[in-house]
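To start, the structure itself, in structure tokens.
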Amino acid sequence: MPNDYPQTELTTPARLPERATYERDAIHAVLDEALLCHVAYIADGAPRMIPTLHVRRGDYLYLHGSTGSTLMLSARQAPLPVCVTVTMLDGLVLAKSWFNHSINYRSVIVHGEAALVTDPDEKWDAMVALMEQVAAGRAEGSRDANKREFAATAILRLSLEQSSLKHRSGPPKDDEEDLDLPHWSGVIPATTTFGEPIGFDALALPDYLKNYKRER
């Protein structure tokens, strides 16, 4: 299997294309670290976008939603063209000039046609994977879906074939003529952290939820 996804017209950034990579492992790493994605699509001639949970399985992205949502209803008749975005903020880049301020980030964008998963086994496996995406061990550490809940849940499958990762890292890029200005420049690192779990019953905190964090 090639280590890179193919570069296409849709996955080539119009600005700063040198920041883009199509490396499969790098794209997978961002998708696996992130908890939330945003799905853009067209419904009734109008642009729509919603945040939702996702999970990657191999070279496919699975998107979670309600069977009654506009997104899922739009995909009932045929695969739905979508654009999915996942962005991780890694730092604020403060330059000496307004113009050169930036952020350090990793952003994966996936284009393609999202198809409704109709095979019960594939849908079940995707739901299990989604629970594990939230917290490894949570699928077995909670009640699984009953018949009504399973029917009320919809899952979309999207190939990662047209995906790219655009990223920035490093210090500010100050203009030469600004270097002697008396303004601080540098990077404020940004990380996602989670607090101590707050229980709402008398049960002990499971081991798999202790020291919870998302690995980069």
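The values are calculated or read from the model by the stated rules, or taken from the named source; none is laboratory data. None of these values were measured; they are calculated from a predicted model. Glycine gets a Cβ as well: all are built from the backbone with ideal geometry, and neighbour counts include every protein chain shown. Side chains included, ligands, DNA and RNA excluded: accessible areas come from the protein's heavy atoms. Shrake-Rupley method; radii C 1.70, N 1.55, O 1.52, S 1.80 Å.
Overview of results
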quantity	calculated
J(HN,Hα) series, the stretch 113-121, from Karplus relation 6.51 cos²θ - 1.76 cosθ + 1.60, nearest Hz, glycine and proline x	10, 8, 10, 5, 7, 10, 6, x, 5
Crossing angle, helix 24-33 versus the chain [Cα axis fit, 0-90 degrees, rounded to tens]	70 degrees
Relative contact order of the stretch 99-216, defined on C-alpha pairs under 8 angstrom at six or more residues apart (%)	37 percent
The chain: relative contact order as a whole-number percent, Cα under 8 Å and 6+ apart	27 percent
Among 28, 62, 110 the positive-end extreme of the charge dipole of the chain (Cβ point charges)	62
Listed residues 124, 98 arranged by accessible area, highest first, probe 1.4 Å	98, 124
Amide proton proximity set for residue 35, modelled H, under 5 Å, gap of 5+	none
Top positive-direction residue, dipole computed over the stretch 1-123 with Cβ charges, set 101, 120, 78	101
Amide proton proximity set for residue 162, modelled H, under 5 Å, gap of 5+	111
Other-chain or far-sequence residues with amide H under 5 Å of residue 4's (modelled H)	24
Three-way shape call for the stretch 147-191 based on the alpha-carbon gyration tensor, with the a/c threshold at 1.5	prolate
Heavy atoms of residue 74: accessible area, 1.4 Å probe, square angstrom to 10	40 Å²
Heavy-atom accessible area ranking, 1.4 Å probe, most first, across 21, 70, 118, 87	118, 87, 70, 21
Derived scalar couplings ³J(HN,Hα) [the stretch 38-49; Karplus, 6.51 cos²θ - 1.76 cosθ + 1.60; whole Hz; x for Gly, Pro]	10, 10, 9, 7, 10, 9, 6, x, 10, x, 10, 8
Three-way shape call for the stretch 129-216 based on the alpha-carbon gyration tensor, with the a/c threshold at 1.5	oblate
Test item: Cα-centred dipole of the stretch 128-216, Lys/Arg +1 and Asp/Glu -1 on Cβ, debye	760 debye
MRE, 222 nm, helices only [DSSP H, n ≥ 4, -39500 (n - 2.57), over the chain, to nearest 500]	-4500 deg cm²/dmol
Hits among lysines - C-alpha to C-alpha of residue 123 under 24 Å, sequence gap 8 or more where chains match	147
Hz values of 3J(HN,Hα) by residue in the stretch 151-164 - Karplus curve (6.51, -1.76, 1.60), Gly and Pro given as x	5, 7, 9, 10, 10, 9, 10, 9, 5, 8, 4, 10, 9, 8
Prolate/oblate/rounded call for the chain, Cα gyration tensor, a/c under 1.5 rounded	oblate
Lysines whose Cα lies under 29 Å from that of residue 173, excluding same-chain neighbours fewer than 8 positions away	96
